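The values are calculated or read from the model by the stated rules, or taken from the named source; none is laboratory data. Note that the coordinates shown come from a computational prediction; the quantities given were computed from them, not determined experimentally. No Cβ is skipped: glycine too gets one built from the backbone with ideal geometry, and neighbour counts run over all protein chains shown.
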Amino acid sequence: MRYIIILIQIFIFSLFIFSVNANEIDDFSKQAGFIVEDLKGNFSLSNVELKFADVRDGSAEAKRYPFRGYVIVLDYSELENASDFELRGMMAHELGHLETYSRMSWLGLAGYALHYEFSSKFRKEVERETDMIVIQHGFGEELLAFREYRLRTGSEKDKKILGDYYLSLEEIKKLTENA
Ligand SMILES: [Zn+2]
């Protein structure tokens, strides 16, 4: 009997944990939704959908699909502790990717995606150019804040990827001052 009571307690406790977590994701999803609605016009985009999933390399990913349109995939576990300002930097970077995709034909985009997947030199060009687009659109401070967040909270692998492919903090600061 004692064990059954303990099992029931564990069950109730796990329900509680699950519902707290679901509420947090819900709040985060609303916050991210406000940010994307606020920023998308700056990148000449009208419809952008948000989706939550694990992202293999990093914390977010921008995609364009033939029917679904523009989608930004967010990894909640990597982003949950970011401030509003930091999240704006993340979102601006992803919207920068989508703005680039929006100017391409489907064939062009397919070639671009393959090139990105298989050439680390090209990947570096793409990520650095996307950071520059963010700065040109006036979100350099937000981008800097987001990169500082990622360098503070990311894994060693995340930090290496940031160092290999993206603008450095110093570069972002300099370009933002001159923008
Ligand atoms: Zn990117």
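Condition check ((1) within 25 Å of Ala82 (Cβ to Cβ); (2) in contact with a helix residue (DSSP H, G or I) (Cβ under 7 Å, 6 or more places away or on another chain)) across all residues:
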| residue | (1), (2) |
| --- | --- |
| Ala110 | no, no |
| Ala113 | no, no |
| Thr130 | yes, yes |
| Gly138 | yes, no |
| Leu143 | yes, yes |
| Arg147 | yes, yes |
| Arg150 | yes, yes |
| Thr153 | yes, no |
| Leu169 | yes, yes |
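Residue by residue through segment 125-151, note down the ones that are within 12 Å of the ligand (Cβ to nearest atom), under 21 Å from Gly41 (Cβ atoms) and of a type outside the set (Asp, Glu). Residues satisfying the conditions are Thr130, Met132, Ile133, Val134, Leu143, Phe146.
When the residues of segment 89-124 are filtered to those that are of a type in the set (S, T, N, Q) and in contact with a Ser or Thr (Cβ under 8 Å, 6 or more places away or on another chain), the one that is farthest from the ligand (Cβ to nearest atom) is Ser102. A Cβ distance below 9 Å, combined with a sequence gap of six or more or placement on separate chains, defines the contacts here; from segment 152-179, residues that are more than 15 Å from the ligand (Cβ to nearest atom) reach residues that are small (Gly, Ala, Ser) in the pairs Thr153/Ala82; Lys173/Gly140; Leu175/Gly140; Thr176/Gly140; Glu177/Gly140; Ala179/Gly138; Ala179/Gly140.
Out of Phe34, Phe11, which single residue is at negative phi, at pLDDT below 85 and part of a helix (DSSP H, G or I)? Among Phe34, Phe11, only Phe11 is at negative phi, at pLDDT below 85 and part of a helix (DSSP H, G or I). Within segment 155-167, the residues that satisfy the criterion of being under 22 Å from Ser83 (Cβ atoms) and touching a helix residue (DSSP H, G or I) at 6+ places or on another chain (Cβ under 8 Å) are Asp158, Lys159, Leu162, Tyr166, Leu167. Residues in segment 27-54 that are more than 12 Å from the chain's Cα centre (by Cα) and within 16 Å of the ligand (Cβ to nearest atom): Leu39, Phe43, Leu45, Val48. Only residues that are surrounded by fewer than 10 Cβ atoms within 10 Å (Cβ to Cβ) and under 30 Å from Glu99 (Cα atoms) were counted across segment 1-26, and they come to 0. Annotation: of all residues in segment 55-87 being hydroxyl-bearing (Ser, Thr, Tyr) and in contact with a helix residue (DSSP H, G or I) (Cβ under 9 Å, 6 or more places away or on another chain), the one that is surrounded by the most Cβ atoms within 10 Å (Cβ to Cβ) is Tyr70. Taken over segment 55-69, the criterion of being farther than 14 Å from Arg103 by Cα and either modelled with pLDDT of 95 or more or within 16 Å of the ligand (Cβ to nearest atom) (or both) is satisfied by Val55, Arg56, Asp57, Gly58, Ser59, Ala60, Glu61, Ala62. Is it true that some residue in segment 152-161 is under 24 Å from Val36 (Cα atoms), of a type in the set (S, T, N, Q), assigned to a helix (DSSP H, G or I) and under 13 Å from the mean Cα position of the chain (by Cα)? No, that holds for no residue.
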